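Structure, as structure tokens:
The values are calculated or read from the model by the stated rules, or taken from the named source; none is laboratory data. Just so we're clear, the structure is a prediction, and the values are computed from it rather than from any experiment. Note that each Cβ is placed from the backbone with ideal geometry, even for glycine, and that neighbours are counted across all protein chains shown. Ligands, DNA and RNA are stripped out before the accessible areas are found, and what is left, the full protein with its side chains, is counted by its heavy atoms. Shrake-Rupley method; radii C 1.70, N 1.55, O 1.52, S 1.80 Å.
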Amino acid sequence: MILNRLFFLTVLLPSILIAQHTIDGKFSPAKEYEVALLYRVTPTVSEYIANVKVEEDGSFQFQLDSTATKGIYRIVYAIPQEDYNFDVIYNGKEDIALTFNSETGVKFKKSIENKLLTSYTDSMSMVTQSIGNYFRQKSEDTLALKAIFKTQEETQSNYEAAAKSTIALSFIKANKPYVPKKFKDVETYVSNLKKHYFDYVDFNNETLQSSSFLEERMLNYVFGVSFNPVDEITSYKKSIDVFYTAMKKAPIKVKRILLVSLWQQMADLNFESVANYIAEAYLMDIAVSLNDQELLHGLMLFKNLSLGSEAPDFSLEIEKNKKTLTKKLSTLDLAERYILVFWSSTCSHCLDEVPQLQAYIKVKEKGKVQVIAIALENDALKWKELKAKYPEFIHVYGEGKWDNEIGNDYGVTATPTYFVLDKDKHIISKPEDFGALKLFFEKD
């Protein structure tokens, strides 16, 4: 009898550990997907769980054993991972089945919690649409509006009750909308929506911290709810202040994650002054508190290379009256515009673009444009041969290639990289390639 029990346990236990629950999915169109990765998300890190091959029909399956704790899981389906992913709730009690299309998003076929949250989102969206329609139609039927608001309030209350003791409840409560107690005109209503946008968002809730919710809420407020197209920069800065005040009591590492994300968004959109505002007003202090030298260096480098900033200085040699003189970039008085090009004798793109750059500036009036070519090299031999072909340039040898001080000061991570300076050595353009460089000068 004892032996039979032992045999039963040795057979049963591995099966329990190997596959307690599953996440079954299907991507469409199938040919666009090859691999899916699964992460368990916590407030500060994402723990890798597994990766699976996507089958020819777009299907995939993750098996979750007993070590898979309940919480928020993230499925990544392309690179970069931070852009191509979606979250699922796993409560440790049920299998999950879903479909995903890049245009229509994720749809859950099986999972009480995920379907409940989706149902809530859809229901509240319909009520919000009804409110929008009412104001767009400029209706004066105040009883109708009160009825819509009552429906909104009841829908919220019913879903909170239905989600009791579930992970989904955190999201439902955080999404609770502002509902006026009496009739409001559209301007007052919209103003109050902005004012109360973060009222029910608990920035200390670990479930929210472990999902994309807080980031999405932040971005929706800054770029949507409070956006004023008449004065973008001022609008963004005011919105950022409101957002920071709302999350003031959040853990410092959560603040760092959210503000870095917002800073990166502004940098990518070329709102450099707003990105620098986030850094100077909030992020630099956070970096100092966390002793995060890498973040601090990145913020300062970005600020130093922003449009309008004085270009980082360095020494170079120029020929004058058959003499070689050592000068600083900041002291040059040779042209109205300067083009800094970081290149390399071993870079195929450089060998294609640098001759084009030479031909382009040859037709420019003398004193209009001066090219300063900084060659990031490990070996000077080939560079010395090539630089003779470009006598119009001021040449600088960047010893150490990617560890060169000048290249590091300019944040160079690829060649060719261009900077355009005015006569006072302020950065006025950072073209992505030679085509963008030409376009700048044509518009200048």
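Remark: pairs (first residue in segment 23-43, within 20 Å of S210 (Cα to Cα); second residue of a type in the set (K, R) and surrounded by 14 or more Cβ atoms within 10 Å (Cβ to Cβ); Cβ separation under 6 Å; 6+ apart in sequence or on different chains) = Y39/R74; V41/R74. Please indicate, with yes or no, whether at least one residue in segment 300-316 is more than 33 Å from the chain's Cα centre (by Cα) and open to solvent by less than 90 Å² (accessible area, probe 1.4 Å). Yes; the residues of segment 300-316 include at least one that is more than 33 Å from the chain's Cα centre (by Cα) and open to solvent by less than 90 Å² (accessible area, probe 1.4 Å). Return the pair list, or none, for Cβ contacts closer than 7 Å from residues in segment 62-79 that are free of Cβ contacts under 8 Å to residues at least 60 places away in the same chain to residues that are open to solvent by less than 20 Å² (accessible area, probe 1.4 Å) and part of a loop (DSSP other than H, G, I, E, B), at least 6 apart or on different chains. From segment 62-79, the pairs are Y77/Y33.
Restricting attention to segment 401-410, the residues being closer than 14 Å to L307 by Cα and open to solvent by 10 Å² or more (accessible area, probe 1.4 Å) number 0.
Regarding segment 369-388, can at least one residue be identified that is more than 28 Å from H297 (Cβ to Cβ) and small (G, A, S)? Please lay out each step first, then the result.
As a first pass, look at segment 369-388 and keep what is more than 28 Å from H297 (Cβ to Cβ): 369-371, 379-388.
Now drop any that are not small (G, A, S), which leaves 380, 388.
Yes.
Exactly one condition in (1) farther than 20 Å from E336 by Cβ; (2) open to solvent by 20 Å² or more (accessible area, probe 1.4 Å) is not met by V396; state its number. Every listed condition holds for V396 apart from (2). In segment 38-61, of all residues being surrounded by 15 or more Cβ atoms within 10 Å (Cβ to Cβ), within 30 Å of N204 (Cα to Cα) and among the hydrophobic types (A, V, I, L, M, F, W, C), the one that is nearest to the chain's Cα centre (by Cα) corresponds to V41. Going by what's in this entry, would S139 be described as without any contact (Cβ under 8 Å) to a residue 24 or more places away in the chain and more than 23 Å from N91 (Cβ to Cβ)? Against the criterion (without any contact (Cβ under 8 Å) to a residue 24 or more places away in the chain and more than 23 Å from N91 (Cβ to Cβ)), S139 qualifies. Remark: pairs (first residue in segment 420-444, touching a residue at least 24 places away in the same chain (Cβ under 8 Å) and closer than 14 Å to H349 by Cβ; second residue part of a loop (DSSP other than H, G, I, E, B) and open to solvent by less than 70 Å² (accessible area, probe 1.4 Å); Cβ separation under 7 Å; 6+ apart in sequence or on different chains) = L437/P431. Looking across segment 317-331, the residues that are within 24 Å of G400 (Cβ to Cβ) and either within 37 Å of the chain's Cα centre (by Cα) or modelled with pLDDT of 95 or more (or both) come down to K328, L329, S330.
For I96, state whether it is open to solvent by less than 20 Å² (accessible area, probe 1.4 Å) and either farther than 28 Å from Q20 by Cβ or within 25 Å of the chain's Cα centre (by Cα) (or both). No; evaluated as a whole, the condition is false for this residue. Put simply, of K173, K115, K146 the only residue that is over 32 Å from the mean Cα position of the chain (by Cα) and part of a helix (DSSP H, G or I) is K146. Taken together, the residues in segment 191-210 that are of a type in the set (V, I, T) and either within 14 Å of K248 (Cα to Cα) or open to solvent by 70 Å² or more (accessible area, probe 1.4 Å) (or both) amount to 1. Looking at S157, is it surrounded by fewer than 19 Cβ atoms within 10 Å (Cβ to Cβ), under 29 Å from G25 (Cβ atoms) and at pLDDT 95 or above? The answer is no for S157. Taking segment 224-236 as the search range and keeping residues that are under 20 Å from the mean Cα position of the chain (by Cα) and surrounded by fewer than 17 Cβ atoms within 10 Å (Cβ to Cβ), which one is nearest to A267 (Cα to Cα)? Checked segment 224-236; the qualifying residue nearest to A267 (Cα to Cα) is I233.
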